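First comes the structure, then the notes that go with it.
The values are calculated or read from the model by the stated rules, or taken from the named source; none is laboratory data. Quick caveat, the model's predicted, so the values are computed rather than measured. All Cβ positions, even for glycine, are placed from backbone atoms using ideal geometry, and neighbour counts span all protein chains on display. To get the accessible areas, we keep the full protein, side chains included, count just its heavy atoms, and leave off ligands, DNA and RNA. Shrake-Rupley method; radii C 1.70, N 1.55, O 1.52, S 1.80 Å.
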Amino acid sequence: MQLAFATLCVKLCALCGFALCLTAKTVKNAQRDPRPSRNYAGFLFSLGFSICYTPKTEWPFILPKHRIELMERETLEMDVVFVGAGPANLSGALHLARLIKQHNEAVASGAREGQPLGEVEIGVIEKGASIGAHILSGAVMDPKALKELMPDFVEQGAPLESPVNEDYFLYLTKNRALRSPVTPPPLKNHGYYIVSLNRLTAWLGEKCEEAGINIFPEFPGADLLYDEEDRVVGVRTGDKGIDKDGKQKANFEPGVDLRAKVTVLGEGPRGSLTKQLVQRLNLDEGREPQVYSIGVKELWELPDDRYPTGRVTHTLGYPSDSKTYGGGWIYGMQNRILNIGYVTGLDYRDPLLDPHAEFQRFKQHPYITRLLEGAKMIRYGAKTIAAGGYFAMPRIYADGVLLVGDCAGFLNSQRLKGIHSAIKSGMLAAEAVFEALVAGDYSASQLQRYEQLVNESWIIPELRKVRNFHAGFKHGRWLGMVNTGFQFITGGRSWGLFDRAKAEGGHEAMRKLSAYGYRGADIEQRYGALKFDGKVAFNKLTDVYHAAVGHSEDQPSHLHVLDTNICATRCAEEYGNPCQRFCPAAVYEMVDDGTSGKRKLQINFSNCVHCKTCDIMDPYQIINWVTPEGGGGPDYKGM
């Protein structure tokens with residue numbers, strides 16, 4: 001009866017909307033479809049129609065689309081807006097500023113025909129409290145792109161930890177570490193640098209500011225702005241000062257509409273705006289689904305020089321089972337800092353697998369434990385990696401918008417490297433934007449020039465050679481290694497024969513508890529021997545503390561779960577609520593509801609390290625990660 005009554009009400013809304021067709025008042029749509037204006041009739045009609053013909057479980061996603069927005073918002077006119085202050089966007093903004101300056105000077109001197117561009121407003125917005133605060137990577141950097149951006153980057157003081165001096169490749173059994181006499185070619189790092197990507201990004205930010213580029217930390221991109229023809233015309237930043245009940249606090253500040261001729265998205269893996277854009281414009285049509293991994297990392301302070309600066313070690317084997325893609329790294333940084341981490345493919349099968357627990361087991365291997373004896377853990381973080389490769393890349397341009405870096409999938413997963421291609425993609429995007437500014441044309445047909453530049457660069461030949469690498473491990477480690485060998489010989493062909501291997505979304509690979517014979521979701525069924533001793537292995541809450549995570553708890557949760565009833569029923573029975581395990585920050589917790597004795601989902605969103613794993617790996621795809629209030633999240637100093 002209640003559902004029938006509700007349906008009747010929304011149908012009446014639709015009829016009222018039709019009857020009020022001549023209404024003159026207008027409202028702004030503030031969230032998913034931010035077009036300039038709609039009248040109340042259109043609002044009521046579309047609301048009623050949408051709800052009447054939408055399953056009840058999807059109503060929470062429909063209603064925000066039709067929220068009446070009455071508040072006044074400031075509008076800033078920019079020429080180009082870069083969303084996300086990572087290495088791709090910062091390199092792109094810096095390169096664009098230089099291209100414009102060179103053009104104006106050449107036109108003024110008569111060396112180039114045409115009109116000067118004059119003052120071009122370039123802005124970079126960033127959700128973190130400072131530039132680099134949310135940036136985390138291994139990282140061993142191939143410097144080829146940075147050399148192109150800044151040939152004298154060493155002399156200009158780029159914060160490099162060390163050149164790579166030694167390469168080790170180990171296969172780990174449960175108790176032994178077997179060093180390979182030959183380092184696999186993709187893992188040879190001679191001529192590369194160990195870096196803290198956090199520091200490198202902060203340094204690039206300083207270079208941008210010196211070039212007169214506007215950088216706005218604590219300004220998350222909450223929504224893209226579209227015109228009536230679905231062309232991107234800018235971005236809306238997030239509101240500040242909203243309490244946990246959705247009400248305005250005394251310090252409330254509405255987000256700003258940044259109108260731009262071109263918007264460049266460089267949000268990193270699984271960017272929230274990129275996700276919306278790809279779905280809205282079908283940019284992934286004809287592509288393979290993107291597949292991800294998660295890297296969990298710590299920095300340790302060693303008591304002596306037991307692990308030399310400049311040594312790079314990669315591992316395969318323990319603790320991953322043979323069906324799970326995974327491997328570890330150990331890098332020697334300056335000042336006796338040990339950079340250690342573990343990657344787990346987010347296409348694993350075992351529903352009780354926990355990537356954070358895999359990392360803790362990795363550290364409890366005898367070889368690693370000896371390295372960490374007497375040392376002190378000082379930093380923690382986690383980040384996802386877009387590992388799907390060439391065939392999983394979406395279309396990287398549309399009207400008024402370009403995609404760069406990890407949100408476009410430029411990572412070379414075989415080499416475990418993406419910084420160089422991120423920087424290069426940002427530079428190529430800058431060149432395409434510059435040409436668009438000169439032409440005064442920001443359409444998809446003009447911005448397709450970016451795709452042409454990418455195809456003509458060294459990025460695509462590199463990615464084509466490893467186009468089937470991750471998909472090759474679909475059937476486990478050993479067949480994956482054989483497949484990789486054939487790919488290496490044949491320039492990327494799966495099994496040496498097939499140009500394109502089919503892939504599936506990582507969440508689709510997860511099996512149900514019954515497939516493994518598990519009785520309930522007790523994690524000890526997989527990790528019975530794992531102990532958090534507080535010396536080498538740490539629980540999630542301890543690690544989150546070392547990520548310096550900070551969110552105001554008096555704000556709406558930025559983790560939206562479409563139907564929490566699924567969590568308490570189907571998911572609990574079928575998968576044992578894997579969100580409690582795949583999240584590396586103890587955000588998701590099943591607790592007693594306090595009344596009926598049943599369990600409910602509790603979201604500890606203030607723990608979130610912004611890795612996006614929940615959005616990626618939820619088997620029902622009912623978790624939607626959106627940006628929290630600006631300035632919240634981890635502070636990855638030195639990471």
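Does the range 293-327 hold any residues that are of a type outside the set (D, E, K, R), in contact (Cβ under 8 Å) with a residue 60 or more places away in the chain and not in a loop (DSSP other than H, G, I, E, B), and which are they?
Result: Ser293, Ile294, Gly295, Val296, Leu299, Trp300, Val312, Thr313, His314, Thr315, Leu316, Gly317.
Can you tell me which residues in the range 401-421 are more than 26 Å from Gln446 (Cα to Cα), part of a loop (DSSP other than H, G, I, E, B) and either touching a Leu at 6+ places or on another chain (Cβ under 8 Å) or free of Cβ contacts under 8 Å to residues at least 60 places away in the same chain (or both)?
Arg415, Leu416, Gly418
Considering (1) open to solvent by 10 Å² or more (accessible area, probe 1.4 Å); (2) farther than 21 Å from Gln414 by Cβ; (3) touching a strand residue (DSSP E or B) at 6+ places or on another chain (Cβ under 8 Å), say which one Asp305 fails and leave the rest.
Failed condition: (3).
For the range 229-255, give me each residue that is among the charged types (D, E, K, R), closer than 26 Å to Ile396 by Cβ and within 25 Å of the chain's Cα centre (by Cα).
Asp230, Arg231, Arg236
Report, ordered by the first and then the second residue, all pairs with beta carbons closer than 6 Å, sequence separation of six or more or different chains, a first member in the range 130-154 that is outside any loop (DSSP other than H, G, I, E, B), and a second member that is β-branched (Val, Ile, Thr) and open to solvent by 10 Å² or more (accessible area, probe 1.4 Å).
That search, which allows pairs on different chains as well, returns Met141/Ile419.
Looking at Ala106, Ala93, Ala85, which one is of a type in the set (A, V, I, L, M), in a helix (DSSP H, G or I) and in contact with a strand residue (DSSP E or B) (Cβ under 6 Å, 6 or more places away or on another chain)?
Sole residue among the options that is of a type in the set (A, V, I, L, M), in a helix (DSSP H, G or I) and in contact with a strand residue (DSSP E or B) (Cβ under 6 Å, 6 or more places away or on another chain): Ala93.
Residue-wise test of (1) closer than 26 Å to Asn339 by Cβ; (2) in contact with a strand residue (DSSP E or B) (Cβ under 8 Å, 6 or more places away or on another chain).
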position	(1), (2)
Gln525	no, no
Ala547	yes, yes
Pro584	yes, yes
Asp592	no, yes
Lys598	no, yes
Gln602	no, yes
Lys612	yes, yes
Tyr620	no, no
Asn624	no, yes
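Residues of the range 435-475 being open to solvent by 30 Å² or more (accessible area, probe 1.4 Å), touching a helix residue (DSSP H, G or I) at 6+ places or on another chain (Cβ under 8 Å) and over 23 Å from Arg493 (Cβ atoms), which ones?
Of everything in the range 435-475, those that are open to solvent by 30 Å² or more (accessible area, probe 1.4 Å), touching a helix residue (DSSP H, G or I) at 6+ places or on another chain (Cβ under 8 Å) and over 23 Å from Arg493 (Cβ atoms) turn out to be Glu435, Val438, Ala439, Tyr442, Gln446, Arg449.
Could you tell me which of the residues Lys297, Lys323 is modelled with pLDDT of 95 or more and open to solvent by less than 10 Å² (accessible area, probe 1.4 Å)?
Lys297
Results for (1) crowded, with 18+ Cβ neighbours inside 10 Å; (2) in contact with a Phe, Trp or Tyr (Cβ under 6 Å, 6 or more places away or on another chain); (3) closer than 27 Å to Trp458 by Cβ, shown as yes or no for each residue.
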| site | (1), (2), (3) |
| --- | --- |
| Asn104 | no, no, no |
| Ser109 | no, no, no |
| Arg112 | no, no, no |
| Gly118 | no, no, no |
| Ile122 | yes, no, yes |
| Gly128 | yes, no, no |
| Ile131 | yes, no, no |
| His134 | yes, no, no |
| Asp142 | yes, yes, yes |
